[in-house]
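Q: Shown below is the structure under consideration.
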Amino acid sequence: MVLRERIAQRTEALASAGLLRSLSPPSGIDLSSNDYLGLSQHPEIKRRMAEAVLREGCGSTGSRLLRGERASLSAIERRFARFKGSEAALYFANGYMANMAVLSTFLEPGDVVYSDALNHASLIDGMRLGRARKVVYPHCRPPSPEACEGQVFLVTESVFSMDGDVAPVPRYPAAAVIADEAHAVGVFGERGTGLVDAADVFLSINPMGKAFGCAGAFVCGPAWAMDYMIQRARPFIFSTAAPPAMAAALDAALDLVEGGHDLRERVLGLARFLRGLLADAGFDVAREGSQIVPLVIGDNFEAARVAAALQQAGFDVRAIRPPTVPEGTARLRISVNANLTETILRRFTDALKTATARKSAA
């Protein structure tokens, strides 16, 4: 009963601060997911994954070091490494696990790790496990690294998930750079390879549950680093391997992404169009940036109210509140995908103006 009362108090505190969450399935026009290229429902990916399920079954039955290894998983790792221009790749069940594995494996006591102030929670948690001394630097403005007895690392997203801006990775100071390409791979680059080049970074983490429309994440880098993770990365060693059929889905998605120049142009063009509409309507948004368009509202309750009004109007937009974003910066995270049109974005902008005007009228 003491534990139940404690949890009740914690829950009430969340409700009082406008931070209580609930689960809600998709409804309305998608302006909130990370399915940037619209591949999650692509018939070719679904067909090839379904065939693989019939051929290989649903579960992998064990970790990769036990009975979970499959030739198809190793093959897709080799293909993705070639795609990224890296020596090797290692596949994880999701991006959170990949970030935890990388940072808890390579960071050691005596090292220094520089971390962008707006890095994703999975990066922050991985650095905690890594036990290196962490230096948080102002967003996109890393300092010159100081000398230390150990190794110096720099950890950043390439496209920031909540602000949608792009990190100047090639201009970062000399350090072992670890870049999370979650919101860049598939969308940026001539072939969808993302924003970082293998020559500029030590490791890149490339989640597949966003622009690729699948699941899992590839860590890419030197072959010796991948080999070391197989030996030492606890999230790899002690996790059941991904379903083998996922390799077939990823292979199909890679085919589509590599040939998807028009899709990428469409997504980024629609994002520019939306940014222009919002700026012209008086909203504080940058006219240039990625496919992620943040509209900062500030107050937690107001962000939730505006999101609910937009949902009532048929647009699936969600309120993003602390701790996902800093205190006082609750927002709508508008996410542009290839299935949208300029007509839809005009309707959305009109609905947004109506929703935000209600507070002023009140």
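Q: Quote the FRET efficiency, to the nearest 0.05, computed for E146 versus E108 with a Förster distance R0 of 25 Å and r equal to the Cβ-Cβ distance. Show your work: numbers first, answer last.
A: On the way: r = 17 Å, r/R0 = 0.68.
The pair E146/E108 has a calculated efficiency of 0.90.
Q: Could you work out how far helix 245-258 tilts from the main Cα principal axis of the chain, as a 0 to 90 degree angle to the nearest 10?
A: Taking the Cα atoms of the chain, the angle to 245-258 is about 70 degrees.
Q: Among rounded, prolate and oblate, which fits the stretch 291-338 when a ≥ b ≥ c are the square roots of the eigenvalues of its C-alpha gyration tensor, a/c under 1.5 means rounded, and a/b larger than b/c means prolate?
A: Numbers: a/c = 2.62, a/b = 1.27, b/c = 2.06.
Oblate, since a/c reaches 1.5 and b/c is not below a/b.
Q: Could you state how much accessible area T329 has, in square angstrom rounded to the nearest 10, with a 1.4 Å probe and all protein chains kept in place?
A: About 30 Å², rounded to the nearest 10.
Q: Right, another one. Carbon and sulfur: what percent of the stretch 139-211's accessible surface (1.4 Å probe)?
A: On the way: 1270 of 2700 Å².
Carbon-and-sulfur percentage of accessible area, whole number: 47.
Q: For L20, L154, give me the order by solvent-accessible area with a 1.4 Å probe, most accessible first, ignoring ligands, DNA and RNA.
A: Putting L20, L154 in descending order of accessible area: L20, L154.
Q: Residues in the stretch 218-247, backbone N under 14 Å from the label point at A75 (7 Å along the Cα-to-beta-carbon vector): list them, ranges by number please.
A: 244-247
Q: Continuing with this model, one more query. Keeping all protein chains in the complex and leaving out DNA, RNA and ligands, what accessible area do you get for L54 with a 1.4 Å probe, in Å² to the nearest 10?
A: Result for L54: roughly 150 Å² accessible.
Q: I'd like the carbon and sulfur percentage of the solvent accessible area for the stretch 26-118, probe radius 1.4 Å, heavy atoms only, ligands and nucleic acids excluded.
A: Numbers: 2410 of 4240 Å².
C and S fraction of accessible area: 57 percent.
Q: Suppose the chain between A15 and A50 were pulled fully straight at 0.36 nm per residue; how much longer would it get relative to their current alpha carbon spacing? Don't skip to the answer; put the middle values down first.
A: Values: separation 35, 0.36 × 35 = 12.60 nm, distance 4.24 nm.
Residue separation times 0.36 nm, minus the Cα-Cα distance, leaves 8.4 nm.
Q: Would you mind pulling out the separation of the Cα centroids of the stretch 45-88 and the stretch 170-224, in Å?
A: 19 Å
Q: Another question, if that's okay. In terms of solvent-accessible area of protein heavy atoms at a 1.4 angstrom probe, what is the ranking of Y96, Y137, highest value first?
A: Details: Y96 100, Y137 5 Å².
Largest accessible area first, the list is Y96, Y137.
Q: Could you check the simple spin-label distance between I7 and Q312, using points 7 Å along Cα→Cβ, in nm with one decimal?
A: 3.3 nm
Q: Per-residue counts of other Cβ atoms within 10 Å, averaged by peptide: what ranking do you get for 166-173, 139-146, highest first? Please list the in-between numbers first.
A: Numbers: 166-173: 16.0, 139-146: 13.2.
Taking the mean over residues of other Cβ atoms within 10 Å, the ranking is 166-173, 139-146.
Q: Okay, moving on. What GluC sites (Glu not before Pro) in the stretch 23-112 are in a loop by DSSP, with at most 15 other Cβ atoms within 10 Å of the Cβ?
A: Values: sites: E44, E51, E56, E69, E77, E87; in loops: E69, E87.
For GluC sites (Glu not before Pro) across the stretch 23-112 that sit outside H, G, I, E and B with at most 15 neighbouring Cβ atoms in 10 Å, the list reads E69, E87.
Q: Go through D200, D111, D251 and list them by solvent-accessible area, largest first, probe radius 1.4 Å.
A: Values: D200 70, D111 15, D251 50 Å².
Final ranking, largest accessible area leading: D200, D251, D111.
Q: Could you give the nm distance between label points at E302 and R347, where each point is 7 Å from its Cα heading toward the beta carbon?
A: Result: 2.8 nm between the two label points.
The values are calculated or read from the model by the stated rules, or taken from the named source; none is laboratory data. From a predicted model like this one, the values you see are computed outputs, not experimental measurements. Ideal geometry is used to build each Cβ from the backbone, glycine not excepted, and the neighbour counts take in all protein chains shown. In case anyone asks, the SASA skips ligands and DNA or RNA and just uses the protein heavy atoms, side chains included. Shrake-Rupley method; radii C 1.70, N 1.55, O 1.52, S 1.80 Å.
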